[in-house]
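No value in this document is a laboratory result; all are computed from the given coordinates. All figures in this text were calculated on a predicted structure; none of them were measured in a lab. Here Cβ is always computed from backbone atoms with ideal geometry, including for glycine, and neighbour counts include all displayed protein chains.
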Amino acid sequence: MIFTARIHHNLRSSTLLHLRLSRKLCVCGDGTNLFTLAAMVQLHVKRGDESQFLFNTTVDISIETLIQQVTQVYNGRLKVERICSEIPELADHGITLPPNMQGLTDDQITDLKLRDEWEDKCVPSGGADFKKDEIGCRNGHAPNDKMKNILKKTMEEAKALISKKQVQANVCVTMDIVNEALDQLRGAVMIVYPMGLPPHEPIRMELENQEDISGTQASLQVIPEKEAQLWWAAKELHRDKKLQDYIGKNEKTKIVVKIQKRGQGAPAREPLVSEEAQKMMMMHCYKRQEELKKLDEADDDTYLQSEWSDRQALKRQLQGLTNIKWGPR
């Protein structure tokens, strides 16, 4: 009995230790304990009909706080995408020219006696390879192949962290993940350009939150926090309420919410049938139509010559009279 009690005591102690370690290890950057992650509300955030990301929260959260958190992640992902769109240009054609030199030909720059004072300061590590920018936005002094690979590889890794494919992988996106992607991009730029980038470089302005995207297509995608709205089941989630006022107190819930600017009206409702189910239904209808076509074409009585339509087939099989052939073999 003493031996058995010791075994139970040891098992209980090891189990408690395992649970404590699990609780310590399973903590999100925002303080959320992943040990209870399965009992959290999962939001599938969309903009229009396009999936954006998954976001975990609780039913006790206020809609005001929820809108703030979701909008930060949404706009943070857009920032990462904007930086990633500029990285290939930086890798292929070097830093951006000053605004008064962009779009000018070499002769025009010479005639106007313009000079890029940042060309000698912002030199890529390992030297530069000249590759002229046909658009005339960058100085053409691109990093070497090794540094170029660092930039492009880091860009792909950062894009993968905030990719829309994370929805299919059931991976939730948080501000910690967005900040990690930004830190990766910032680190890669510092490796390639240890002296930094010029102040008018779009990548530097994005990393320092000094970007000016007014009048661009990218500005139409950004949603300010004060103008953001969340919609669920054709209902606007009002800021003065809590999430549980709409979906109840069940934490194990997954809902689709749509984010948009105030004043754009109610977004379109979710389709009753998913895209995959719709494809399966269309395939089934197509197969059924093909079968009906074959039946219409086969109006004759040739099926009477087939083996399955012979009423005496079972009798001959029992009597051993099947597969009888006349003549020598």
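Odds and ends about this structure:
- FRET efficiency for E225 and N100, using Cβ-Cβ distance with R0 set to 25 Å, rounded to 0.05: 0.10
- Relative contact order (%) - the range 37-261, alpha-carbon pairs under 8 angstrom, separation at least six: 36
- With the simple spin-label model, which puts each label point 7 Å out from Cα in the Cβ direction, the Q312 to D176 separation comes to 8.1 nm.
- Take every Cα pair under 8 Å whose residues are at least 6 apart in sequence, average their separation, divide by the length of the range 128-169, and the relative contact order is 27 percent.
- A straight Cα-to-Cα reach below 15 Å connects K249 with the aspartates and glutamates D60, residues fewer than 8 places away in its own chain not being considered.
- Label-to-label distance for D60 and D296 is 6.5 nm, based on points extended 7 Å past Cα in the beta-carbon direction.
- Taking other residues whose beta carbon is less than 9 angstrom from the beta carbon of M101, and scoring Lys, Arg as +1 and Asp, Glu as -1, yields 0.
- Rounded to 5, the percent of DSSP beta bridges in the range 37-261 classed as antiparallel: 75
- Taken one residue at a time, the phi angles of the range 42-48 give Karplus couplings (6.51, -1.76, 1.60, θ = phi - 60°) of 10, 9, 9, 7, 10, 10, x Hz. Gly and Pro are set to x.
- For the range 37-261: span of alpha carbons on each principal axis (Å, largest first): 69, 33, 26
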